[in-house]
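The values are calculated or read from the model by the stated rules, or taken from the named source; none is laboratory data. Just so we're clear, the structure is a prediction, and the values are computed from it rather than from any experiment. Here the Cβ is made from the backbone with ideal geometry for all residues, glycine too, and neighbour counts use every protein chain on show. All accessible areas refer to the heavy atoms of the entire protein, side chains included, with ligands and DNA or RNA removed. Shrake-Rupley method; radii C 1.70, N 1.55, O 1.52, S 1.80 Å.
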Amino acid sequence: MSLPKTLADDVARNLVMVARLLDEDPDAAYAYSRVALRLASRVAAVREAAGFASYATERYSEALAEFRTCRRMTGTVDLWPVMADCERGLGRPERALEMAGAPEVHKLDRAGQVEMRLVAAGARRDMGQNEAAVVTLQSSELASNAVHPWTARLRYAYADALLAVDREDEAREWFAKAVEADHTGSTDASDRLAQLDGVAFVDALDDDDDDNDNDDQAVPGDDADDELSGARADDDEDDDEPAADERPAAPAEEPEVDLTDEADPSAFLENPFKEPSRDTED
């Protein structure tokens, strides 16, 4: 609302493209976010979109700067978990853990607190504290049977943390629970579960292509067999051909064919060794 109408429309179009491409083509989304940033750098929504585009392309320093700017503009703490995750991306898990214990976390809604818990567990694992990561993820949200947008990711992170401490049976159970809650395919829990069960997926199309390739490959000895077969065929033809003494004598001269007007020349063209009909009308 703070921009002129034409400029506002241009900025909005770029923000729409950022949202559309963020998951499928992060680099393209980042390019659109830079255009919007040049057009309206003082709009909080633009800074937030630029931050998420930078985050998706692993430009964590840029993302953190944009999120901090957006937070100063809006005064909200909604971006606190993703800011902490940027600290992890920059190789500062200790800083992420400090943010997980900051007063701002208590101002987050339930979804934001779950995100903060996921970031804190990831920071623990970055520091090699796998057992602590398991404990960090244990919460009332994890124990609940209700399904929320973040439920599948929370269960998946817990199963992965269990697997890191060699609690495979429990990990399998929680991967299965993650599959039950993952209605949008946001995780690869089903693949991880199949891997634990020893199930291997084979692409049938690839097998067919391999079989076709093997069929097209020459088998050693084929050329030699073909040459031998050809030689045998030539010998058979020579055996069937009569000797020179037994061959019938050729006629002294070919009989002349008198093509009259009544003869059908097409018959001669079809079979040059057959005399055309000489029947004439009475």
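Odds and ends about this structure:
- Formal net charge of residues neighbouring ALA178 (Cβ-Cβ distance under 9 Å; K, R +1; D, E -1): +2
- Of the residues SER186, SER2, ranked by 1.4 Å probe accessible area with the largest first, the sequence reads SER2, SER186.
- Taking other residues whose beta carbon is less than 9 angstrom from the beta carbon of ALA132, and scoring Lys, Arg as +1 and Asp, Glu as -1, yields +1.
- Using a probe of 1.4 Å on the protein chains alone, the accessible area found for MET17 is around 50 Å².
- Multiplying the residue separation of LEU39 and ALA164 by 0.36 nm and subtracting their alpha-carbon distance yields 40.4 nm.
- Residues of region 98-129 with amide N under 12 Å of a point placed 7 Å along Cα→Cβ from ALA146: 110-111
- On full extension, the segment bounded by ALA102 and ALA28 gains 23.2 nm, given 0.36 nm per residue less the C-alpha separation.
- Residue-count net charge about ASN14 - beta-carbon cut-off 12 Å; Lys, Arg +1, Asp, Glu -1: +2
- Inter-centroid distance (Cα atoms) of region 14-70 relative to region 180-194, Å: 28
- Coupling constants for region 85-96 follow from the phi torsions by the Karplus curve (6.51 cos²θ - 1.76 cosθ + 1.60, θ = phi - 60°), and in residue order they are 5, 4, 4, 4, x, 8, x, 10, x, 4, 5, 5 Hz; glycine and proline get x.
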